Amino acid sequence: MGNARKMQKKVSDDLKIIDSPDKLQQTDGEFLQKLATDEYWMGLALQQAKEAADHGEVPVGAVLVGKDGLLAAAGNSPIHLADPSAHAEILAIRAAARLLHNYRLPETALYVTLEPCIMCMGALIQARISRLVYGAADPKTGAAISLYAIGSDWRQNHKIAVSGGILADQCGELLKKFFKEKRSQGLGINPPF
């Protein structure tokens, strides 16, 4: 295994990117024992967001759920992966696509703690994700409803059912706390190069 792959695996392990239901069962013994609700899945996305924050990343987490349960989960990691596209949504979509050996993910729902940006909404459309559920709205860059309505634009060949505001207070508070701490430390979110 090359150095780049070793480093990516280490970062993935450190960030606990969950790319198979077996990994979640090891960390959460009640996997799918509970009645699946939007709040339950958003709670798992919040766990991913908290882990991202623990690693100095903007605390956004995502879980992708299919008809049989959890497919993938991830937290933001653009800093650790040195990849501007390594948003939680993108990482979860990539992991699920690898798991299913398919770049199309129909009949799935993505739960994310912050309304997705333009890039992430584009990925949801390309993957043919059926439903998006987000926590906190993002009035500055939100591309699902707040600033743009990418998933429901009549000119696109795929529509996404969008629900927002699930555990919005907890999701928003996590972001506020993270940025308040960064400001109090006089640090930006980028590593010092």
**OP:** With label points built 7 Å along Cα→Cβ from the Cα atoms of D169 and E107, find their separation and express it in nm.
**Re:** 3.7 nm
Original post:
P(r) tail for the stretch 97-190, what percent of Cα pairs lie past 17 Å?
Top reply: 54 percent
**OP:** Measure out, as a whole number of angstrom, how far apart the alpha-carbon centroids of the stretch 106-157 and the stretch 51-89 sit.
**Re:** 15 Å
Subject >> Cα gyration tensor, the stretch 58-153 - rounded (a/c under 1.5), prolate or oblate >> reply: oblate
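Output the peptides 43-56, 90-103 sorted from most to least packed, where packing is the average of other Cβ atoms within 10 Å over each peptide's residues. Walk me through the numbers before you get to the answer.
Details: 43-56: 21.1, 90-103: 19.5.
Final packing ranking: 43-56, 90-103.
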Original post:
Ignoring ligands, DNA and RNA, what accessible area per residue does the stretch 37-193 give at 1.4 Å, in Å²?
Top reply: 49 Å²
Subject >> With every protein chain in place, the stretch 118-185: carbon and sulfur % of accessible area (1.4 Å) >> reply: 55 percent
Original post:
Once fully extended, how much extra length lies between L147 and A161, figured as 0.36 nm per residue of separation less the alpha-carbon to alpha-carbon distance?
Top reply: 3.4 nm
Original post:
From the square roots a ≥ b ≥ c of the eigenvalues of the alpha-carbon gyration tensor of the stretch 40-86, which class results: rounded (a/c under 1.5), prolate (a/b over b/c), or oblate?
Top reply: oblate
**OP:** Work out, step by step, the length gained on full extension between K67 and R98: first 0.36 nm times the residue separation, then minus their alpha carbon distance; give nm to one decimal.
**Re:** 9.5 nm
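The values are calculated or read from the model by the stated rules, or taken from the named source; none is laboratory data. The structure presented is a predicted model; accordingly, all values stated were derived computationally and were not measured. Neighbour counts are summed over all protein chains in view; Cβ atoms, including those assigned to glycine, are modelled from backbone coordinates with ideal geometry. Side chains included, ligands, DNA and RNA excluded: accessible areas come from the protein's heavy atoms. Shrake-Rupley method; radii C 1.70, N 1.55, O 1.52, S 1.80 Å.
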